[in-house]
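Chemist: To start, I am sharing the structure in question, which I have written as structure tokens.
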Amino acid sequence: MSTKVVLGAQWGDEGKAKVVDYLTIDADCVVRYQGGANAGHTVKVNGNVFIFHVIPAGILHPGKICVIGNGVVLDPEALFKELKELKERGISVDGRLFISDTAHLVMPYHKALEKAVEENQGSEKLGTTLRGIGPAYRDKVERTYGVRVMDLLDANSLREKLTQTVRAKNQILTRIYGQEPLDERKIVENYIESGEKLRSFVTDTSVLLNRILDENKTVLFEGAQGTLLDVDHGTYPFVTSSNTTAGGACTGTGIGPTRIEEVIGVTKAYTTRVGNGPFPTELLDEEGDRIRELGQEYGATTGRPRRCGWFDATILRRARIVNGLTSLALTRLDILDSLDRLKVCVGYQVEGDLIEEFPTDPRVLERCEPVYEELSGWCSPTTEVRIADELPAQARKYVDRISELIGVPINLISVGPARDATIERK
Ligand code: IMP
């Protein structure tokens with residue numbers, strides 16, 4: 001048995017899907033455990049680009065089992081779109097895609113309500129992906145209106161439940177937010193139909209996964225978003241609504257923590273963030289624009305330009321402790337190839353004091369000034385390098401310094417989007 005959690009160590013978009021795709025070569029099964037269609041996992045194979053929002057990135061490997069765990073909030077519409085695209089591109093999911101019967105659903109009223117709330121908040125908005133994630137998790141935790149995948153399989157009770165729920169949600173939409181009501185009948189009929197389309201994928205995935213582990217197989221847990229977007233450990237309230245950290249891999253799949261062996265934190269060689277919220281090393285100048293253009297840093301889900309900044313070791317130290325990281329995968333090193341000077345944030349200065357840990361209090365974070373260490377760039381291409389010792393000396397120094405500052409080994413380096421543009425380093 002081997003289990004690896006692959007998760008984002010920053011604010012998402014770290015290149016998790018590329019790492020998952022690479023590691024899937026030696027895995028039997030890949031599982032998504034939290035989040036929903038807010039994720040945009042991009043994989044490039046043989047020049048073809050695939051963007052996954054719902055289905056685990058491992059699906060590109062024929063024969064590998066892919067699971068959508070109970071911790072995910074599933075948007076059937078997004079799933080069907082992805083299934084259609086995969087079919088059109090000749091990738092079969094038959095008999096190897098499984099969906100948890102206890103996963104909650106994202107419903108049209110979740111998206112409508114989120115849009116209404118964000119609009120109502122004006123400049124105070126969170127800047128979410130508008131995929132209905134927060135409202136869907138709210139209904140799950142609040143319990144009165146949560147709809148689970150298993151509910152879709154019984155048309156009569158679904159009709160009753162959804163009719164009541166859509167009525168209640170329409171009250172909020174119309175009375176509080178002055179929006180048009182949603183069509184109750186259309187939603188009910190659509191979701192009954194969705195149940196029929198989903199039926200063959202639905203199972204108790206906790207039992208399935210534990211059985212796979214008992215057979216000594218290798219399972220990868222594919223995290224979505226990143227550590228600082230975790231609802232408990234992130235920059236609250238500018239976070240997503242799930243546990244993006246390693247613990248989510250257990251609660252979001254129904255396997256016990258004693259079965260997790262490795263936790264791989266994926267981090268970019270610099271930092272990005274989409275949406276609002278604090279970002280101490282953000283570059284609001286030409287340098288930031290340059291990194292954005294070099295890295296084509298635009299959201300895979302929403303197309304929004306990503307905020308860009310220097311690498312921040314304080315963030316990674318937080319990621320190390322809350323996830324129990326066993327190693328790191330450093331991605332997008334090649335994006336820095338042409339910069340002649342690089343900065344790494346080693347800690348923050350707050351009113352004369354140097355702090356090395358990422359503060360949990362946003363009021364303290366607001367007053368933090370990054371303390372930088374400057375390193376020379378390597379100014380030569382790394383995209384063709386496949387052996388760590390063949391990286392330019394300054395690039396090796398950069399990688400080693402990052403690993404030293406965080407106290408975690410960097411075992412994988414990505415130097416391009418293609419599957420083979422990967423360096424293993426022990
Ligand atoms: P939500 O997950 O759509 O509720 O958005 C909450 C915050 O998380 C916003 O700042 C989003 O931009 C951010 N976010 C959500 N999903 C991702 C992702 O996959 N990558 C990066 N940021 C994300």
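Chemist: Which number in (1) under 13 Å from the mean Cα position of the chain (by Cα); (2) farther than 20 Å from Val93 by Cα; (3) away from the ligand (no atom under 14 Å from the Cβ); (4) part of a strand (DSSP E or B) marks the one condition that Val19 misses?
Modeler: (4)
Chemist: Suppose the filter is farther than 28 Å from Leu284 by Cβ and either in a helix (DSSP H, G or I) or without any contact (Cβ under 8 Å) to a residue 24 or more places away in the chain (or both); does Asp420 pass it?
Modeler: Criteria not met by Asp420.
Chemist: Run down Ala224, Ala249 and say which single residue is within 10 Å of the ligand (Cβ to nearest atom), modelled with pLDDT of 95 or more and crowded, with 23+ Cβ neighbours inside 10 Å.
Modeler: Ala224
Chemist: Would you please list the contacts, defined by Cβ atoms under 9 Å and residues six or more apart or on different chains, that run from a residue in the stretch 218-247 that is at positive phi to a residue that is within 11 Å of the ligand (Cβ to nearest atom) and among the acidic types (Asp, Glu)?
Modeler: From the stretch 218-247, the pairs are Gln225/Asp13.
Chemist: Here is a follow-up. Quick check, is Gly63 modelled with pLDDT under 95, more than 13 Å from the ligand (Cβ to nearest atom) and over 23 Å from Ile423 (Cα atoms)?
Modeler: Judged against the criteria, Gly63 is a match.
Chemist: Do any residues in the stretch 144-172 that are more than 14 Å from Ile187 (Cα to Cα) have Cβ atoms under 6 Å from those of residues that are buried (at least 19 other Cβ atoms within 10 Å of the Cβ) and of a type in the set (Lys, Arg), where the two are at least six apart or on different chains, and which pairs are they?
Modeler: Cβ pairs passing all conditions: Gly146/Lys140.
Chemist: Checking Val239 against (1) out of contact with any helix residue (DSSP H, G or I) (no Cβ under 6 Å at 6 or more places or on another chain); (2) within 14 Å of the ligand (Cβ to nearest atom), which test does it fail?
Modeler: Val239 satisfies every listed condition except (1).
Chemist: Only one of these conditions is not met by Val166: (1) touching a helix residue (DSSP H, G or I) at 6+ places or on another chain (Cβ under 6 Å); (2) under 21 Å from Leu97 (Cβ atoms). Which number is it?
Modeler: (2)
Chemist: Looking only at the stretch 106-138, count how many residues are away from the ligand (no atom under 14 Å from the Cβ) and in contact with a helix residue (DSSP H, G or I) (Cβ under 9 Å, 6 or more places away or on another chain).
Modeler: Number of matching residues: 6.
Chemist: Spot the failing condition for Glu82; the list is (1) crowded, with 18+ Cβ neighbours inside 10 Å; (2) part of a strand (DSSP E or B); (3) of a type in the set (D, E, K, R), and only one is missed.
Modeler: (2)
Chemist: Taking the condition more than 16 Å from the ligand (Cβ to nearest atom), out of contact with any helix residue (DSSP H, G or I) (no Cβ under 7 Å at 6 or more places or on another chain) and not in a helix (DSSP H, G or I), does Gly146 pass?
Modeler: no
Chemist: Please find, among Ala269, Ala313, the residue that is away from the ligand (no atom under 16 Å from the Cβ), at pLDDT 95 or above, under 14 Å from Arg332 (Cβ atoms) and touching a strand residue (DSSP E or B) at 6+ places or on another chain (Cβ under 7 Å).
Modeler: Criteria check complete, one pass: Ala269.
Chemist: Can you tell me which of (1) in contact with a Leu (Cβ under 8 Å, 6 or more places away or on another chain); (2) of a type in the set (D, E, K, R); (3) crowded, with 16+ Cβ neighbours inside 10 Å is the one Asp334 doesn't meet?
Modeler: Status for Asp334: all satisfied but (1).
Chemist: Still on this structure, please answer the following. So Lys197 clears everything in (1) under 30 Å from Ser327 (Cβ atoms); (2) touching a residue at least 60 places away in the same chain (Cβ under 8 Å); (3) among the basic types (Lys, Arg) except one condition, right? Which one?
Modeler: Failed condition: (1).
Chemist: Related question: Looking at (1) surrounded by fewer than 19 Cβ atoms within 10 Å (Cβ to Cβ); (2) of a type outside the set (D, E, K, R); (3) within 16 Å of the ligand (Cβ to nearest atom), which is the one condition that is false for Gly324?
Modeler: Status for Gly324: all satisfied but (3).
The values are calculated or read from the model by the stated rules, or taken from the named source; none is laboratory data. Quick caveat: nothing in here was measured; it's all calculated off a predicted structure. Neighbour counts run over all protein chains shown; Cβ positions are idealised from the backbone, glycine included.
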